[in-house]
1. Quick check: from the Cα gyration tensor, does chain A come out rounded (a/c under 1.5), prolate or oblate?
2. Please identify, among A:ARG233, A:ARG361, A:ARG334, the residue showing maximal mean-square fluctuation in a Gaussian network model of chain A using a 10 angstrom Cα cutoff.
3. Of the listed pairs B:LYS30/B:LYS85; A:LYS146/B:LYS163; A:LYS148/A:LYS248, which have alpha-carbon separations greater than 25 Å here?
4. Among all stretches of chain A without exposed GluC sites (Glu not before Pro) (DSSP loop, at most 10 other Cβ atoms within 10 Å), which one is longest?
5. Using only the alpha-carbon atoms, how far is helix B:163-173 inclined from the longest principal axis of chain B? Give it as 0 to 90 degrees, nearest 10.
6. Tell me, which longest segment in chain B has none of the trypsin sites (Lys or Arg not before Pro) that fall in DSSP loops with at most 12 further Cβ atoms within 10 Å?
7. Rounded to the nearest 10 Å², what accessible area does A:HIS19 show when all protein chains are kept and the probe is 1.4 Å?
8. Ignoring ligands, DNA and RNA, what percent of the accessible area of the range A:3-87 is carbon or sulfur (1.4 Å)?
Amino acid sequence: MSTTFLPCGTYHENYSQDHAWWQTGFVKGKMILLFLFLFVVFPFLEPYIAEVEFIGGVFSFAVFIVIGYYVLGALGVQLLIGYCGQVTLGHAAFIAVGAYTSTLLILQFPWPQFMLDWGLAYPVSIFVAAVTAGMWSVLFGLPSAKVKGFYLILTTMAAQFITVDFILTQYVSQIGGRGQAFSLPPGTIKIGPWLMDSGIKIYYFMLVLVILCCAGLLNLLRSKVGRAWVAIRDNDIAAETMGINIVKYKLFAFFVAGFIGGVAGAFWVSNLAAISPEHFPWFLSLWLVGIILIGGAGSVHGAIYGAIFMGILIEILNQFIMITADVFPALLMRSMFVKDGLFGLAICGFLIYEPNGLAYRWWQAKNYFNLWPFSY
Amino acid sequence: MELFLMTITTGVMVGGIYALIALGWVLIYKCSGVLNLAMGELTLIGAYVSLSFYEAGVPFVLAVGISLIIGLILGILTERIFLDKLIGEPVLTVIMVTVGLSFFFRAVVEIIWGTDTRVFTPAVFSMEPIRIGFLVIGRVYLWSFVVALLLLVVFVGFFKYTKWGLAMQATADDEMAALSIGVSARFVYAAAWSIAFMAAGVGGSLLGNINGLNISVGYLGLLVLPAVVLGGLNSVPGAIVGGIIIGVLQNLCGAYLDQYFPGGVKEIAPFAFMAVFLLFKPFGLWGWERIERV
């Protein structure tokens, strides 16, 4: 699984070393430090950082939660586009299915009292939402058995419009006579003894979900399934002649992508506590594809880098516009459009000048130090 | 029966507009093998440019002509700035660049012209529809239909009988091979984008006459996709037939299914139809069937 060169003088002596996630002591230490920072240092420091003007807004829980949501959403897109070669422009639909399933379960399902008391309703609903979104995704993945490339792009777009603009807007969001927007009353989103009501709790929840999904996906990718996906991506006809059941594996890729999308949607409910179809526009689908292109297609950490880049960039832009609002009030009025335009330019720029994304630069930098002083 | 005939007629007329935009779409695909997801935004730019000139007092035909010239310039600029560096890159990369461009163009349109609905004042086409028996046809629709047919003839002739058209088709078929026999890919890209800009400009100007112009007109560029797919991505007559079929289908669904599925059945019918259709005929009616070997 190793795509990184090992430092000079480091060798593997048995299979378990070769299959390890963190291959050297240095990497292990680095990852432990990262987790320590994410779980302990940052939550401790956040209240102090949030006070600082300009920078404080950028590094607050709210921004990190959004980044986590992007990561969860982009993982599924990364799997489909980066690993299985099934271009999708309708992933927001599956996120929406997850969000709506979870919300409807919490609001409408007759939960037994003990489950409500123990705070199991929301966790269970996340799982059900993920499975439902996965099934829904498979339904729209079915054409992938016959079509690919452009035509698949169009069918996934159809998934987006049929799911969000028709089924959710016209029918699902009318359930219970609420009109367009569902809101979850306080106290309904509860995991075990913790009520999801403050930034820090949602932040921890996000971290756990992101780590679980990344670990699950990475493990799938280094198994037989992952190799079959990569074979299909590289040349599906060759893969078929090698005995890979491409329909089965393509549909499984759609299922897993939808599953993670469903988790993302169900997680987003805890942050917003209210959902409406407008939260899942086609724009979001494109946004997620943009994230993996900027991060680097074909690597799980690419999705994470892309999400961090876009999340932070947008937040910096927000802060900048806020600060300059006195000087350029027109900018504040049209900040949405400026952001859209910059996002478009960022996608173009990355594709033209940095087609392998941020993950590739990171890989290069890492290898430079790993191979140092013989870095040629 | 009367309702049925009326629905069909309206469908054919709306289909004419779809066909007009679909033409620009097929063209860019046929010339450069690129699925241009920014087509809706190109429509918007053309429409707003001609609207601006029309409001400044320029006659409508002349305003459209100016939008054509500006479209030509923008097409060349787009090629020079964005697509020039992508020659020889995988097609998916180019498609995603068009997605980026669509965001950029829409943002530019929103910044320059705002988001309010604007109408062509005074109206270009008279509101008085043409009556044939009990059939009622709006003038805008009729004109769009005529323009679509006219452009069809021009484009088919262009691709079939001119050297440039053949060079463009060769590039779409196999870019590397075309480059190696001396076709200038830069020229082909520039020409394709300029033509698409111009076709979209005409389509957009006509569309703007129907219900006024705002940012959501750009989404019509997406509604056109099912039409293109139905006809086959690289068939110019297919775009017209596909556009008309989709227009008719959409109106039939609106007329007959709306009572069973209240709401946006009309907007969604083309996409649902397309998703099912692709299961049975993955290359559309007249698309190239690519035979792949390992």
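1. Working: a/c = 1.37, a/b = 1.15, b/c = 1.19.
In terms of gyration-tensor shape, rounded.
2. Greatest mean-square fluctuation among the candidates belongs to A:ARG334.
3. Numbers: B:LYS30/B:LYS85 20 Å; A:LYS146/B:LYS163 35 Å; A:LYS148/A:LYS248 15 Å.
In this structure, A:LYS146/B:LYS163 lie more than 25 Å apart at Cα.
4. That would be A:54-376.
5. Compared with the principal axis, the helix lies near 80 degrees.
6. Free of exposed loop sites, the longest segment is B:1-289.
7. Accessible surface of A:HIS19 is approximately 110 Å².
8. Of all accessible area on the range A:3-87, carbon and sulfur atoms account for 71 percent.
The values are calculated or read from the model by the stated rules, or taken from the named source; none is laboratory data. None of these values were measured; they are calculated from a predicted model. No Cβ is skipped: glycine too gets one built from the backbone with ideal geometry, and neighbour counts run over all protein chains shown. In case anyone asks, the SASA skips ligands and DNA or RNA and just uses the protein heavy atoms, side chains included. Shrake-Rupley method; radii C 1.70, N 1.55, O 1.52, S 1.80 Å.
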